[in-house]
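Beneath this line is the structure, given in structure tokens, with notes to follow.
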Amino acid sequence: MRFSLVATNPLAPDWLSLPGDANALGEGLWPSTTTRNADGELVIGGVTASALAAEFGTPLYVIDETDARGRAAELRTAFEAEFARIGTSARVYYAGKAFLSTEVARWMVAEGLNIDICTGGELAVALAAGVDPARLGFHGNNKSLAEIDEATRVGVGTIIIDSPIEIDRVAAAAARHGRVQAVRLRVNSGVHAHTHEFLATAHEDQKFGVVLEDAPRLVAAIRAEESLRFLGLHCHIGSQIFGVDGFAESAARLLAVHAGLLSDGPVPELNLGGGFGIAYTSADTPTPIRELAAGLADIVSAECRRRGIPVPAIAFEPGRAIIGPAGVTLYEVGTIKPVDVGGATRLYVSVDGGMSDNARPALYGADYSVRIADRVSRAAPVLVRVAGKHCESGDIVVDADYLPADVAPGDLLAVPATGAYCWSLSNNYNFQGRAPVVAVRDGAARVLVRGESIADLLARDTGVSTGSTADGVSTGSTADGVSTGSTTEQKDILR
Ligand code: LLP
């Protein structure tokens with residue numbers, strides 16, 4: 001197939017420039033070990049894309065262990081060093097909501113991080129990984145009584161109180177288990193940040209946390225509980241944030257209240273949340289971690305000096321910045337369709353996954369990038385839209401990027417920066433089985449989370465039987481007869 005209109009296409013968004021080479025791996029977009037080998041194949045963690053697809057099928061989430069652990073370590077050491085410079089310590093929690101499996105939890109702990117969890121499910125994963133509960137911080141705007149009970153029973157390090165009613169609930173649960181539970185109070189700083197801009201208001205219209213002005217009263221209530229120990233204030237101002245200004249404004253607002261709280265007792269810590277942005281496309285220019293750490297340390301130091309208070313220990317909770325850039329999703333091209341849009345051509349390249357493995361474009365209008373993974377091509381770049389296979393027109397994987405114009409059915413495509421909030425938001429829409437997650441390192445790949453088979457998809461449907469159904473439709477041996485054993489079988493069955 002050949003397509004004309006390979007040069008500038010009026011359908012291209014303003015931020016997307018025509019690449020000189022549509023095979024090039026844009027800087028900052030790919031896991032650190034990614035290269036193209038002599039055959040032009042993408043190699044991640046020493047494993048070629050085609051070998052990964054052959055062994056595990058597509059769609060496939062690939063996580064570069066070296067990259068993920070390297071970012072965790074870089075982040076921790078940068079924050080520790082910058083905050084040591086201003087005379088205090090920094091503690092980093094990995095936000096498990098971005099992606100959590102037992103092995104990833106162990107990587108994070110091995111790199112010296114703690115883990116932020118926000119449900120009983122995430123707690124169970126962390127415990128199954130053998131993480132010391134003391135390293136866990138438990139979030140959530142509506143933790144159930146059972147979750148609070150379990151968290152206090154196992155001894156999670158901190159619980160983040162998100163509403164007034166939780167003070168009583170956590171205090172009662174801690175008392176029941178004979179513990180003194182360390183807690184933070186989540187407040188709305190009124191700062192809302194998204195990418196380059198931040199908005200500062202007096203109050204935020206949102207479900208998380210309590211308004212800053214209520215903090216003194218609520219902290220007094222926490223301090224009055226014998227089974228609670230107040231650690232400090234917490235806020236999380238948003239996601240995919242570039243620059244330090246939003247964090248700085250929020251830190252300043254929190255420290256003003258923090259300073260007042262010191263007159264009635266200790267406030268050893270301040271938690272500034274997560275939200276550090278990453279590059280999804282060539283247009284994204286995230287703030288380097290060291291710069292962010294230095295900027296934040298400067299502002300915390302200046303505010304504390306101005307108020308004449310000791311610099312508290314500082315905590316952060318990044319998720320995306322650690323695991324996002326470490327992940328790549330592989331897909332196989334199925335159909336290709338040029339569509340005329342007012343005289344211009346948009347090439348729809350459809351792949352074997354979509355909004356079930358990456359809901360972010362549909363949910364947030366998120367942009368991604370794409371490259372052919374199993375070859376390079378000298379064909380001129382053509383504007384493409386990578387679409388999924390779901391029955392929904394908003395099922396887009398990559399809204400706009402350039403690929404070589406000879407992109408063809410059977411090509412493997414790779415979408416970078418899919419390590420965060422893709423697998424964790426994955427779903428079974430249209431009865432698509434969830435894709436497996438593999439980790440690559442030093443030329444070897446291994447499954448972190450296996451994919452779902454047809455048997456998995458049928459397993460919870462109580463109407464499935466191995467014989468015949470009430471209306472005489474034979475279901476053969478589906479639910480029980482389909483093995484969920486090897487990854488090869490999953491690939492044959494599902495993808
Ligand atoms: N701490 C708290 C209290 C949070 O609510 C979050 C994210 C984080 C830390 C980690 O934020 P990160 O560093 O990963 O940006 N599904 C959305 C993101 C939702 C974030 C929710 N909270 C997405 O895919 O963009």
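Please pick out the residue among GLY112, GLY121 that is more than 14 Å from the ligand (Cβ to nearest atom), over 25 Å from GLU213 (Cβ atoms) and not in a helix (DSSP H, G or I).
Working: GLY121 fails: not in a helix (DSSP H, G or I).
Within the list GLY112, GLY121, the selection yields GLY112.
Of everything in segment 56-89 that's part of a loop (DSSP other than H, G, I, E, B) and of a type outside the set (Gly, Ala, Ser), which residue is farthest from GLY433 (Cα to Cα)?
Taking segment 56-89 as the starting set, the residues that turn out to be part of a loop (DSSP other than H, G, I, E, B) are 57-59, 86-89.
Checking which are of a type outside the set (Gly, Ala, Ser) leaves us with 58-59, 86, 88.
Values: THR58: 11, PRO59: 10, ILE86: 50, THR88: 47 Å.
Here the residue is ILE86.
Do you know which residues across segment 1-54 are modelled with pLDDT of 95 or more and charged (D, E, K, R)?
Within segment 1-54, ASP14, ASP21, ARG36, ASP39, GLU41 qualify.
Quick check on my filter: what residues within segment 281-312 are of a type in the set (A, V, I, L, M, F, W, C) and buried (at least 17 other Cβ atoms within 10 Å of the Cβ)? Quick ask: steps written out before the conclusion?
Within segment 281-312, the subset of a type in the set (A, V, I, L, M, F, W, C) is 283, 289, 292-294, 296-297, 299-300, 302, 304, 309, 311.
Listed by number, the residues that qualify are ILE289, LEU292, ALA293, ALA294, LEU296, ALA297, ILE299, VAL300, CYS304, VAL311.
Can you spot a residue in segment 159-169 that is surrounded by 24 or more Cβ atoms within 10 Å (Cβ to Cβ) and hydroxyl-bearing (Ser, Thr, Tyr)?
Scanning segment 159-169, I find no residue that is surrounded by 24 or more Cβ atoms within 10 Å (Cβ to Cβ) and hydroxyl-bearing (Ser, Thr, Tyr), so the answer is no.
Mind listing whichever residues of segment 92-109 are in a loop (DSSP other than H, G, I, E, B), farther than 17 Å from HIS236 by Cα and of a type outside the set (S, T, N, Q)? Talk me through it step by step, then tell me what you get.
We begin by selecting, within segment 92-109, every residue in a loop (DSSP other than H, G, I, E, B); these are 96-101.
Retained after the next criterion (residues that are farther than 17 Å from HIS236 by Cα): 99-101.
Residues satisfying the conditions are PHE99, LEU100.
Being away from the ligand (no atom under 16 Å from the Cβ) and either surrounded by 19 or more Cβ atoms within 10 Å (Cβ to Cβ) or assigned to a strand (DSSP E or B) (or both) is the filter here; which residues of segment 198-211 pass it? Write out each step before concluding.
Here is the first cut: in segment 198-211, the ones away from the ligand (no atom under 16 Å from the Cβ) are 199-203, 205, 211.
Across segment 198-211, the qualifying residues are LEU199, ALA200, VAL211.
So ASP264 passes all but one of these: (1) within 16 Å of the ligand (Cβ to nearest atom); (2) at pLDDT 95 or above. Which condition number does it fail?
ASP264 satisfies every listed condition except (1).
Can you name the residue in segment 237-257 that is surrounded by fewer than 23 Cβ atoms within 10 Å (Cβ to Cβ) and of a type outside the set (A, V, I, L, M) and is also nearest to the ligand (Cβ to nearest atom) among such residues?
Applying the filter and picking the extreme gives SER239.
Tell me, which strands (runs of 3 or more DSSP E) lie completely within segment 390-495 with 1 or more residues that are basic (Lys, Arg), at pLDDT 95 or above and under 28 Å from the mean Cα position of the chain (by Cα)?
Fully inside segment 390-495 and qualifying: 437-441, 444-449.
Of the residues that make up segment 324-332, is at least one within 16 Å of the ligand (Cβ to nearest atom), of a type outside the set (A, V, I, L, M, F, W, C), part of a strand (DSSP E or B) and within 24 Å of GLY40 (Cα to Cα)? Show your work before the answer.
Applying the first criterion (within 16 Å of the ligand (Cβ to nearest atom)) to segment 324-332 yields 324-327, 329.
After this cut, where a residue has to be of a type outside the set (A, V, I, L, M, F, W, C) as well, the list is 324-325, 327, 329.
Narrowing the set further to residues that are part of a strand (DSSP E or B) leaves 327, 329.
The next check asks that each one be within 24 Å of GLY40 (Cα to Cα); those that pass are 327, 329.
Yes, the conditions are met somewhere in segment 324-332.
Can you confirm whether TYR348 is more than 30 Å from LEU255 (Cα to Cα), touching a Ser or Thr at 6+ places or on another chain (Cβ under 9 Å) and away from the ligand (no atom under 14 Å from the Cβ)? Walk me through it before giving the result.
Values: more than 30 Å from LEU255 (Cα to Cα): yes; touching a Ser or Thr at 6+ places or on another chain (Cβ under 9 Å): yes; away from the ligand (no atom under 14 Å from the Cβ): yes.
Taking the combined requirement at face value, the residue satisfies it.
Of all residues in segment 263-297, how many are under 26 Å from VAL187 (Cβ atoms), polar (S, T, N, Q) and assigned to a loop (DSSP other than H, G, I, E, B)?
1
Of all residues in segment 219-236, which are in contact with a helix residue (DSSP H, G or I) (Cβ under 6 Å, 6 or more places away or on another chain) and more than 16 Å from the ligand (Cβ to nearest atom)?
Selection gives VAL219, ALA221, ILE222, GLU225, SER227, LEU228, PHE230.
If the requirement is being of a type in the set (Gly, Ala, Ser), closer than 24 Å to PHE79 by Cβ, outside any loop (DSSP other than H, G, I, E, B) and more than 19 Å from the chain's Cα centre (by Cα), which of these qualifies: ALA173, ALA134? If you could, list the steps in order and put the result at the bottom.
Details: ALA173 fails: closer than 24 Å to PHE79 by Cβ.
That would be ALA134, the only listed residue that is of a type in the set (Gly, Ala, Ser), closer than 24 Å to PHE79 by Cβ, outside any loop (DSSP other than H, G, I, E, B) and more than 19 Å from the chain's Cα centre (by Cα).
Here's a check for you: in segment 416-429, which residue that is under 17 Å from ALA68 (Cα atoms) and within 14 Å of the ligand (Cβ to nearest atom) is surrounded by the fewest Cβ atoms within 10 Å (Cβ to Cβ)?
Initially, segment 416-429 is screened for residues under 17 Å from ALA68 (Cα atoms), giving 416-424.
Adding the requirement that they be within 14 Å of the ligand (Cβ to nearest atom) leaves 417-424.
On the way: ALA417: 26, THR418: 28, GLY419: 31, ALA420: 26, TYR421: 25, CYS422: 27, TRP423: 25, SER424: 17.
Top of the filtered list is SER424.
Looking at segment 67-75, is at least one residue within 24 Å of VAL447 (Cα to Cα), more than 16 Å from the ligand (Cβ to nearest atom) and free of Cβ contacts under 8 Å to residues at least 40 places away in the same chain?
Yes; the residues of segment 67-75 include at least one that is within 24 Å of VAL447 (Cα to Cα), more than 16 Å from the ligand (Cβ to nearest atom) and free of Cβ contacts under 8 Å to residues at least 40 places away in the same chain.
The values are calculated or read from the model by the stated rules, or taken from the named source; none is laboratory data. This is a predicted model, so every value here is computed, not measured. A quick note on method: Cβ atoms are made from the backbone with ideal geometry, for glycine too, and the neighbour counts reach across all protein chains shown.
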